[in-house]
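Have a look at the structure below, then the notes.
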Amino acid sequence: MPLSANTTDVLVVGAGPVGLTAAGQLRRHGLTVRVIDRLPARLPYAKAVGIQPRTLEIWDRMGLIRTVLDAAVPMRGQLLYVDGAEQPRVDLELPDEVPYRFAALPQYETERILEEYLARFGTRIERETELVGFGQDEDGVTARVVASSGPGPREEEVRCRYLVGCDGAHSVVRKGLGLAFEGGAFPEEYMLGDVEVDWDLPHGYGVRSMHRDAEGAVDDVLVCIPLPGRGRYRMSMMVPPRMSTAGQGAGQAGDGVAHGLEGGRGPSLADIQTVLDRLSPQPVTASALRWSSVFRISHRIVDRYGEGRVFVAGDAAHIHPPTGAQGMNTGIQDAYNLAWKLALAVEGAAGPGLLASYDAERRPVGEEVVGRTVRHAAEGVQADPADPETLMMREAQLLVGYRGSPIVGGSTAGGDGPQPGDRAPDCGGLTGPVAAWPLRLYDLLRDRGHVLLMYGTGVEDEGFEELALAAHGLSEGRVETCAVLAKPGEVGEAGGLAAVYYDTRGEFARGYRAEAPTAFLVRPDGYLGAVLRPPTAEALGECLAGVLRHRGPGAVRT
């Protein structure tokens, strides 16, 4: 592709949490990126507020977890009330080996943190700029964008290698690709409000209060999610009849998709107080209304997550009820899955099926999330047949995995521990010849690409030096290596090894069901690409063949 001033590796459309995640990861991998967004600034709304533990693990690997933890508040559980009667509370409990718990953070804060992360790489959002059309060919994508800031609209033609649409439920990119977006809409309308209340309910707990009619159906509901600040919550409730526009096409941006916030109308503080008077578990006064809106909910998913050099992620690919705070978190994982694959493709190092694996891995996840949130919206999370621990792990998005993916290995896996395609679990207690204080495994994986973890009793005894050198050669340096030894011992010249650590508390062996010798290939997105028992160069080469292709001296960026 010929280069010019308006050429970039990737054009990202949309600067919400999903688009910013994609752009930040692409820049971290060294690609040139432009990010455009039609809005003049971040919206000051606490729309998506729930942060799942898996998202916190992603942010840890990106190197921005400390900033997030400083800004977020804990989500400890939910208090339930039906017809004024308190029900058993739901505590959001996870196994001890999971490093992060549930949290709440207003969406505008999430966007601020991700925007500042992107700025570290010298990339800023091009505001008041929108995509109006695009076409693609064998070598790239030609996009037409219009900037409306300044004295008048300015149209520009942008040539990019890949285009990623993170532009929401009414996505221009999705429409331009002609993707099907099948599903339906819920008839109910809801109000959102960001307010403070003076009740003395337990800190860190959400509130769900419902009223049932004579037939047992829910006809009134109040949901409150804690936000940073004293007594501050984002509240949602049904729209009263006098405010309803149901049947009038409200919320549909000319595409029949009734989803998201509606401009121009929202509940007053008095409207919210009226609902609190009916449903609050104790007498309470609402104050300090920061913003409010009305929103509609649809459930839809695309028939494919991309075509050629153009992809969609987040709400552009899937929309559904906000039950369980799955939407934004699922979109962030879309972006995280796609970014490392695009980076390899731009380098000319991607295996022949790598980009196609984005749809193969993420669309089944989107389908499951849409189906589950629709069921939970109709029947409640409590109606889920899963046992409580499985339910919590799934809501935390810690059970998302890619077993059976065309780019993960499996022929040498065996055992009953984590399998190829599973999330790589964290563990603690890792020390080393220099690291006297114990480290977490995620400390070793942070800000890295592919990492081959080799577990055994000794570097020389297990042939780890040869395997490390083979990994370096097979991947042209793209796979880093690390030995985790069952116990401290003498470590001589480590050859191609990047580091050696000791499993001093046995946590790695327990968490990974590791029996020496074993090697675990951890992908850039924190999932296992292969589990090798025994770890041989031949088996590693077979697993890498679907991800990487060997580049000759004349290889170019594609």
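Residue by residue through region 113-151, note down the ones that are over 29 Å from the mean Cα position of the chain (by Cα) and at positive phi.
Gly150
Name the single residue, out of those in region 211-224 being open to solvent by 30 Å² or more (accessible area, probe 1.4 Å) and in contact with a strand residue (DSSP E or B) (Cβ under 8 Å, 6 or more places away or on another chain), that is nearest to Ser287 (Cα to Cα).
Top of the filtered list is His211.
Show the residue pairs that are 6+ apart or on different chains and have beta-carbon atoms under 6 Å apart, the first residue being within region 171-183 and part of a helix (DSSP H, G or I), the second being surrounded by fewer than 22 Cβ atoms within 10 Å (Cβ to Cβ).
Leu177/Glu307
Which of the residues spanning region 16-50 are of a type in the set (A, V, I, L, M, F, W, C) and within 28 Å of Gly348 (Cβ to Cβ)?
Scanning region 16-50 gives Val18, Leu20, Ala22, Ala23, Leu26, Leu31, Val33, Val35, Ile36.
Does Ser171 qualify as being open to solvent by less than 50 Å² (accessible area, probe 1.4 Å), modelled with pLDDT of 90 or more, under 24 Å from Arg76 (Cα atoms) and polar (S, T, N, Q)?
So Ser171 does not fit the description; no.
Within region 139-154, which residues are in a strand (DSSP E or B), under 21 Å from Leu177 (Cα atoms) and open to solvent by 50 Å² or more (accessible area, probe 1.4 Å)?
Correct list: Arg144 only.
When you scan region 20-46, how many residues do you find that are surrounded by fewer than 22 Cβ atoms within 10 Å (Cβ to Cβ) and over 15 Å from Ala335 (Cβ atoms)?
Residues meeting the conditions: 10.
What is the residue count in region 102-138 for residues that are part of a strand (DSSP E or B) and free of Cβ contacts under 8 Å to residues at least 60 places away in the same chain?
Residues that pass the stated criteria total 4.
Kindly indicate which of Ala288, Ala360 is surrounded by fewer than 19 Cβ atoms within 10 Å (Cβ to Cβ) and touching a residue at least 60 places away in the same chain (Cβ under 8 Å).
Ala288
Quickly run through region 325-357 and pick out the residues that are more than 14 Å from the chain's Cα centre (by Cα) and either crowded, with 22+ Cβ neighbours inside 10 Å or among the hydrophobic types (A, V, I, L, M, F, W, C) (or both).
If the condition is that a residue be more than 14 Å from the chain's Cα centre (by Cα) and either crowded, with 22+ Cβ neighbours inside 10 Å or among the hydrophobic types (A, V, I, L, M, F, W, C) (or both), then Lys341, Leu342, Ala343, Leu344, Ala345, Val346, Ala349, Ala350, Leu354, Leu355, Ala356 are the ones that fit.
Residue check: is Leu430 modelled with pLDDT of 90 or more, over 26 Å from Val547 (Cα atoms) and open to solvent by less than 20 Å² (accessible area, probe 1.4 Å)?
yes
Can you tell me which residue among Met237, Met191 is of a type in the set (A, V, I, L, M), under 22 Å from Ala270 (Cβ atoms) and in contact with a helix residue (DSSP H, G or I) (Cβ under 6 Å, 6 or more places away or on another chain)?
On inspection, the qualifying residue turns out to be Met237.
Which of the numbered conditions does Tyr162 fail, given that it passes all the others? Conditions: (1) in a loop (DSSP other than H, G, I, E, B); (2) touching a Lys or Arg at 6+ places or on another chain (Cβ under 6 Å); (3) not acidic (Asp, Glu).
(1)
Being modelled with pLDDT under 90 and either out of contact with any strand residue (DSSP E or B) (no Cβ under 7 Å at 6 or more places or on another chain) or surrounded by fewer than 20 Cβ atoms within 10 Å (Cβ to Cβ) (or both) narrows it down to one residue among Val365, Val374, Val294; which is it?
Of the residues listed, the single one that is modelled with pLDDT under 90 and either out of contact with any strand residue (DSSP E or B) (no Cβ under 7 Å at 6 or more places or on another chain) or surrounded by fewer than 20 Cβ atoms within 10 Å (Cβ to Cβ) (or both) is Val374.
Of all residues in region 509-551, count the ones that are open to solvent by 20 Å² or more (accessible area, probe 1.4 Å) and among the hydroxyl-bearing types (Ser, Thr, Tyr).
1
The values are calculated or read from the model by the stated rules, or taken from the named source; none is laboratory data. This structure is a prediction, so every number in the text was calculated from the model and none was measured. Heads up, the Cβs are rebuilt from the backbone with ideal geometry, glycines too, and the neighbour counts pull from every protein chain shown. SASA here: full protein model, heavy atoms, side chains in, ligands and nucleic acids out. Shrake-Rupley method; radii C 1.70, N 1.55, O 1.52, S 1.80 Å.
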